[in-house]
1. Looking only at segment 107-116, decide whether some residue is modelled with pLDDT under 90, assigned to a helix (DSSP H, G or I) and under 20 Å from Arg17 (Cα atoms).
2. Any idea which residue in segment 27-72 is farthest from Phe190 (Cα to Cα), counting only those that are surrounded by 15 or more Cβ atoms within 10 Å (Cβ to Cβ) and among the aromatic types (Phe, Trp, Tyr)?
3. Keeping to segment 91-144, report how many residues are over 16 Å from Ile47 (Cβ atoms) and not acidic (Asp, Glu).
4. Return the pairs, sorted by first residue and then second, in which the second residue is crowded, with 20+ Cβ neighbours inside 10 Å and of a type in the set (D, E, K, R), the first residue lies in segment 36-47 and is in the same structural domain as Phe90 (by TED's automatic domain parsing) and more than 15 Å from Val192 (Cβ to Cβ), the beta carbons are less than 9 Å apart, and the residues are 6+ apart or on different chains.
5. Restricting to segment 34-91, name every residue that is under 25 Å from Asp107 (Cβ atoms) and among the basic types (Lys, Arg).
6. If a residue must be touching a helix residue (DSSP H, G or I) at 6+ places or on another chain (Cβ under 7 Å) and part of a strand (DSSP E or B), how many such residues does segment 67-86 contain?
7. If a residue has to be over 20 Å from the mean Cα position of the chain (by Cα) and under 9 Å from Gln67 (Cα atoms) to count, how many in segment 96-108 make the cut?
Amino acid sequence: MGPRKIVSVRLTMDKIREEAEIFRKEHIFTSDLPVDIEHVVEATMGISIIPVESLQKHCDMEGFISQDYKAIYVDEFLYTDDRYYKRVRFTIAHEIGHFILHRSTIDNQKFKDVNDWIRFRLDLNDETLGWFETQASEFAGRLLVPVDPLVEEFRTKRNSILKKYMSWDSKPLSDDDLFSMVAPMICGRFDVSPDVIERRLRKENIVAILGR
């Protein structure tokens, strides 16, 4: 059987964020941070998280959700090594993004077994895969990093940084420099990497929200 042809799902960023907030209301019953994504997936959705040996090495994937949506498979090495804890959290949220955003597309496909399902994921053309992955990552980012706490954290740290910075350098600080300085200071509250925080600051257009 040759590669299946499917149409790219082209959702707007606003639509993806809306879906993430709907999911939050339906499945996350506390405003506490960080989001306990494993509990949400296993306890409120009934989806098992199953480590798989050498998944990344053999399939070039850190994780994937089963076609029946009963399991999220993650690379065992990443899952059991605390150094990659935040990365695995994002992978799990990313796979939930596929479940929420792309379920109608997946449901239209027929697979013989899990290997056939993996081949489908690997055979997606670059354009379609790019759309799918970008959208799932946007969903995961918004889910793990809610905008209101992000604005709150950024405002506090930004003001402190600007006050100190301006006391010894009159050159304006660029947004990118500010983001890279703030991200490591606030990523712990959300239990994500500084890179995820930097992307959220850009995607949420934080500077426009707060003003300079």
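The values are calculated or read from the model by the stated rules, or taken from the named source; none is laboratory data. Bear in mind that the values here come from a model prediction, so they are computed numbers and not experimental data. In this analysis, Cβ positions are derived from the backbone assuming ideal geometry, glycine residues included, and neighbour counts consider all displayed protein chains.
1. Filtering segment 107-116 for residues modelled with pLDDT under 90 gives 107-116.
Then drop every residue that is not assigned to a helix (DSSP H, G or I), which leaves 107, 114-116.
Those left that are additionally under 20 Å from Arg17 (Cα atoms): none.
Taking every residue of segment 107-116 in turn, none turns out to be modelled with pLDDT under 90, assigned to a helix (DSSP H, G or I) and under 20 Å from Arg17 (Cα atoms).
2. Tyr69
3. Residues that pass the stated criteria total 26.
4. Close Cβ pairs (under 9 Å, with a partner that is crowded, with 20+ Cβ neighbours inside 10 Å and of a type in the set (D, E, K, R)) amount to Val41/Glu95; Ile47/Glu95.
5. Across segment 34-91, the qualifying residue is only Lys70.
6. Number satisfying all stated conditions: 4.
7. Count: 1.
Here's the yes/no breakdown for (1) at pLDDT below 95; (2) touching a strand residue (DSSP E or B) at 6+ places or on another chain (Cβ under 6 Å); (3) not in a loop (DSSP other than H, G, I, E, B):
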{"residue": "Met1", "(1), (2), (3)": "yes, no, no"}
{"residue": "Arg4", "(1), (2), (3)": "yes, no, no"}
{"residue": "Arg10", "(1), (2), (3)": "yes, no, no"}
{"residue": "Arg17", "(1), (2), (3)": "no, no, yes"}
{"residue": "Ile22", "(1), (2), (3)": "no, no, yes"}
{"residue": "Thr30", "(1), (2), (3)": "yes, no, no"}
{"residue": "Glu42", "(1), (2), (3)": "no, no, yes"}
{"residue": "Gly46", "(1), (2), (3)": "no, no, no"}
{"residue": "Ile49", "(1), (2), (3)": "no, yes, yes"}
